[in-house]
1. Please work out if ALA254 is part of a helix (DSSP H, G or I), among the hydrophobic types (A, V, I, L, M, F, W, C) and in contact with a Gly (Cβ under 6 Å, 6 or more places away or on another chain).
2. Of all residues in the range 40-61, which are part of a loop (DSSP other than H, G, I, E, B) and either touching a residue at least 40 places away in the same chain (Cβ under 8 Å) or among the aromatic types (Phe, Trp, Tyr) (or both)?
3. Could you grab me the full set of residues in the range 61-70 that are open to solvent by 50 Å² or more (accessible area, probe 1.4 Å) and either within 11 Å of LEU261 (Cα to Cα) or small (Gly, Ala, Ser) (or both)?
4. May I ask you to say which residue of LEU282, LEU250 is crowded, with 22+ Cβ neighbours inside 10 Å and under 29 Å from ALA308 (Cα atoms)?
5. Please note which helices (runs of 4 or more DSSP H) are completely contained in the range 71-173 and include at least 2 residues that are open to solvent by less than 40 Å² (accessible area, probe 1.4 Å), more than 28 Å from TYR258 (Cα to Cα) and touching a residue at least 12 places away in the same chain (Cβ under 8 Å).
6. The conditions are (1) within 26 Å of GLU143 (Cβ to Cβ); (2) in contact with a Ser or Thr (Cβ under 8 Å, 6 or more places away or on another chain); (3) among the charged types (D, E, K, R), and ARG256 fails exactly one of them. Which is it?
7. What number of residues in the range 183-208 are more than 12 Å from LEU317 (Cα to Cα), assigned to a strand (DSSP E or B), open to solvent by 10 Å² or more (accessible area, probe 1.4 Å) and not charged (D, E, K, R)?
8. I'm told LEU242 meets every condition in (1) over 30 Å from ILE315 (Cα atoms); (2) open to solvent by 30 Å² or more (accessible area, probe 1.4 Å); (3) modelled with pLDDT under 85; (4) not β-branched (Val, Ile, Thr) except one. Can you identify the failing condition by its number?
Amino acid sequence: MPPDSLKGVREQDAAEYRTEYDVISCLRASGHDVRPIGIGDSLTELRATLQDWQPQVCFNLLEEFGGIVTYDQHVVAWLELLRQPYTGCNPRGMMLSRDKVLSKQLLAYHRIPTPQFAVFRRGAAIRIPARLHYPLFVKSATEDASLGIAQASIVEDAARLSERIEFIHEHTSSDALVEEYVEGRELYIGVIGNDRIRTLPPWEFIFGELKAGRAGIATRKAKWDRAYQARHGITSDVARDLPDGVAGRLNKLARRIYRALHMTGYARMDFRVRADGTPFFLEANANPNVEKEEDFAYAALAAGMDYAALLERIISLGLSYRAKWRQD
């Protein structure tokens, strides 16, 4: 729960609730009656508020429930059972996109280009498929926000691969997803809409000054540590000087992925693009960070949609989403 003011709050401390603060303060400034509810592992307060206040829409900023990342989709499903409109992605789209292994399997069927991959289950023996070629990239199969991602996530041999898989199993309590590492630029495509969708301009994560031997990957520190970003010149901006046709292809791929994973509301698609312009899909992020000074809001601004307009659009999509109960 954010404070009413950030005056006197350190930048790094404010980062913990910056998104909530930005959304709440902007909606109130736009004339909305906003009642924030912090949810840990209980829905009691939320249910009481829904019954007593009967809001037009719930602005969903959940990232987990009870400390479990994949449980936020169940809260959204619960809202549907109550016939309560909400913003962001529907439960089906959240489940499909959150499961990185399942989403890659589905998109392989749709011929979406993605790095060769394998999943290593917790508690199972580590057997490395011959189809995988080094260097490999190791991450959690379910966690987001770059949890567990560091320079050590890129491995060059079987010994380091086994070591990193065990690290992911132990530190994230999830299966490990191993992909062939794609050297290139990291680009994001924002998508917004329900039945009719639009894409936002390609946005690039700029890695700044890389030390010798360091790979350009979005580690947890690179994405969230403000001091680290300032120290190394890490930022993001409109993707410039893309090879001919790449922006158009990313646009089409993002739309196809959004549809294939049954997503609604808004999402961010992550890609790696090789120097020759070949794109590879990495993952789909339902309900990405909508902090005012983050990638999604910046990309919307580049498309002519300021922050207040972006939030209004997200609310409008939540109110107009044709959930099953509205089709009866």
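1. No: the conditions fail for ALA254.
2. Across the range 40-61, the qualifying residues are GLN56, VAL57, PHE59, ASN60, LEU61.
3. Within the range 61-70, GLY67 is the sole residue that qualifies.
4. Every option except LEU250 fails the conditions.
5. 158-172
6. The one condition ARG256 does not meet is (2).
7. Looking only at the range 183-208, we keep the residues that are more than 12 Å from LEU317 (Cα to Cα), and these are 183-191, 198-208.
Next cut, assigned to a strand (DSSP E or B) only: 185-191, 198-199, 203-206.
Now restrict to residues that are open to solvent by 10 Å² or more (accessible area, probe 1.4 Å): 185-186, 198-199, 203-206.
Subsequent filtering for residues that are not charged (D, E, K, R) retains 199, 203, 205-206.
Of the residues in the range 183-208, 4 are more than 12 Å from LEU317 (Cα to Cα), assigned to a strand (DSSP E or B), open to solvent by 10 Å² or more (accessible area, probe 1.4 Å) and not charged (D, E, K, R).
8. (3)
The values are calculated or read from the model by the stated rules, or taken from the named source; none is laboratory data. Because the structure is predicted, anything quoted here is derived from the model rather than measured. Reconstructed Cβ throughout: ideal geometry from the backbone, glycine too, with neighbour counts over all protein chains shown. Just the protein is used for accessible areas: all its heavy atoms, side chains included, with ligands, DNA and RNA removed. Shrake-Rupley method; radii C 1.70, N 1.55, O 1.52, S 1.80 Å.
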